[in-house]
Structures are given as C-alpha cells and as structure tokens.
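Report on the following structure.
Each reported figure results from applying straightforward, stated rules to the coordinates on display, with no laboratory input. In this text, all values refer to a predicted model and were calculated from it rather than measured experimentally. Neighbour counts run over all protein chains shown; Cβ positions are idealised from the backbone, glycine included.
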Amino acid sequence: MRRLLVTLAMLPSLAALPAAAAGERVRLTGEAIDTWCYFSGVMGGTDSVVGSAHHTCALWCAAGGIPVGLLADDGAVYMVLKWEGDASVTGGDAVLEVQSDRLVVDGVLHARDGVNYVIVDRVVENLGLVNLTHQDYDVVPPFAIEAPGK
C-alpha cells in the first residue's frame, strides 16, 4: 500500500482559502414569525400564519425549538441565529416576548445558499402585535384544527 506524502508546498496557500464572511450590518423592519408554519403551509397560507391569528402557535413553536424568523417588509425571511447576545434563540424568553410583534432590529446579515440569516444585536423599536389577522382568520383559523368527529 502506498503512502501519500503531503508536503506544505503541496497544500493550498491559506490566503487562497475562503475566509469566513464577516457579514453585513443591517437594519431590518418586519414581524417575528414561526418559520415552520410559514414555510410548511401546515396551518394555511403565508397570510394566515402571521400576526394575531397565529400568535399563540408562534409562541408554542418558538418555545418548542422551531427557528424564529423575521419576515421583512419586502417579503424576505431572515432566520434568526442569535437574539441580543442570547445564543439560545428558540425557547428563550426574549424571543417569546416579541413573537408576532412588528420590530425594527439592528444586526448582522449572513447569506448562504439562498438563505438569509441574521444575528440580532439590538431591538431598536418594538411596535407590538399590530398585524391583526384574527379579524380575517379568527384567533385560531378554522382550517388549522380538524373539526371534531372527523
């Protein structure tokens, strides 16, 4: 069996290796969302799984470990990696306090393979739960729960 001898001269220069992206400083405005229901469609369309109609579910999902996202005004979703220094984003009290709220945040954006990630350094403004979707979908959308006896 031959042994492969690798010398330092054969290895690529460290300068040629891609460096970890430093990220881009951003200010985003949007709603804190539950990404599972938003992307899966399990609870209805994207218009019914935001705001006051979906608030309770969003709390349960975040507490249960589903990644929290920020749905920006332009429709882009940013997966939240860190929240104001708290590495345990999902299930953390700080994130539960803002779930479904309209927020303005400062942070660092990282984009990779078509996915936007944000490290939220600071909540600049919390406008509260202003997306009153329960007026259209009720507090629990009727299509989200199977009717009794079915």
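Label separation (T29 vs V104): 0.7 nm, computed from points 7 Å beyond Cα along the C-beta direction.
Please state, rounded to one decimal and in Å, the Kirkwood hydrodynamic radius that the range 29-128 gives when every pair of distinct Cα atoms enters the mean of 1/r. Kirkwood radius, the range 29-128: 13.1 Å. Per-residue extension of 0.36 nm, minus the Cα-Cα distance of L132 and S40, leaves a gain of 31.0 nm for this segment. Let me check I've understood the local charge: for A94, count other residues with C-beta under 13 angstrom from its C-beta, Lys and Arg +1, Asp and Glu -1. What total comes out? Taking every other residue near A94 into account, the sum is -4. Each Lys or Arg adds one and each Asp or Glu takes one away; over the other residues whose Cβ falls under 13 Å from the Cβ of L129, this sums to -2.
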